[in-house]
Amino acid sequence: MDGVDIACCQFYQENGQWKWQIEAAQTVPYSEQWRVRIAYLYQQNAEIFHKTNVFYGHYLGQLVKDFIAEHRLVVDFVASHGHTLFHRPELGYTAQIGDGAALSAIS
């Protein structure tokens, strides 16, 4: 719940081995509004959960857009695992927020 970690990584092969390098990285702290919204989302109904999923996707998209501009990056793609709200693998489910389509529409 400290914030959103963003990194631009370069992946490449060298001598048949995959290698990687971090080009730029930062953590954007959550505002108090996002911290509270996420902390209590598990108590909300399905409509609020879905709306927050989309709004959080837009939020991530704007952060990515700003990160790319600030660091003058050229990227091939953006990947996100979102923010995990429920993780109960022993019961067969997990859920993250951060709608990919909403993220993509902004970034």
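Structure data summary
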quantity	calculated
Highest-MSF residue in the chain out of ASN45, ASN53, ASN15 [GNM, Cα springs under 10 Å]	ASN15
Solvent-accessible area per residue, Å², over the chain with all protein chains present [probe radius 1.4 Å]	71 Å²
With eigenvalues of the C-alpha gyration tensor scaled by 5 and rooted, the chain, Å	28, 18, 12
Two-decimal ratio, region 62-107, of alpha-carbon radius of gyration to 2.2 N^0.38 Å	1.48
MRE, 222 nm, helices only [DSSP H, n ≥ 4, -39500 (n - 2.57), over the chain, to nearest 500]	-12000 deg cm²/dmol
Kirkwood Rh in Å, taken over region 35-87 so that all alpha-carbon pairs contribute	12.7 Å
Share of carbon and sulfur in the accessible heavy-atom surface of region 45-107 [1.4 Å probe, %]	56 percent
Paramagnetic reach from ALA69 (point 7 Å along Cα→Cβ, amide N under 12 Å) across region 89-107	107
Amide hydrogen neighbours beyond the local backbone of ALA24, cut-off 5 Å, H modeled	CYS8
Acute angle (nearest 10 degrees) that the helix 46-70 long axis makes with the longest principal axis of the chain, alpha-carbon atoms	30 degrees
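The values are calculated or read from the model by the stated rules, or taken from the named source; none is laboratory data. Just so it is clear, the structure is predicted and the values come from calculations on it, not from any experiment. So basically every Cβ, Gly included, is an ideal-geometry build from the backbone, and we count neighbours across all protein chains shown. Accessible surface is based on the protein model in full, side chains and every heavy atom, while ligands, DNA and RNA are left aside. Shrake-Rupley method; radii C 1.70, N 1.55, O 1.52, S 1.80 Å.
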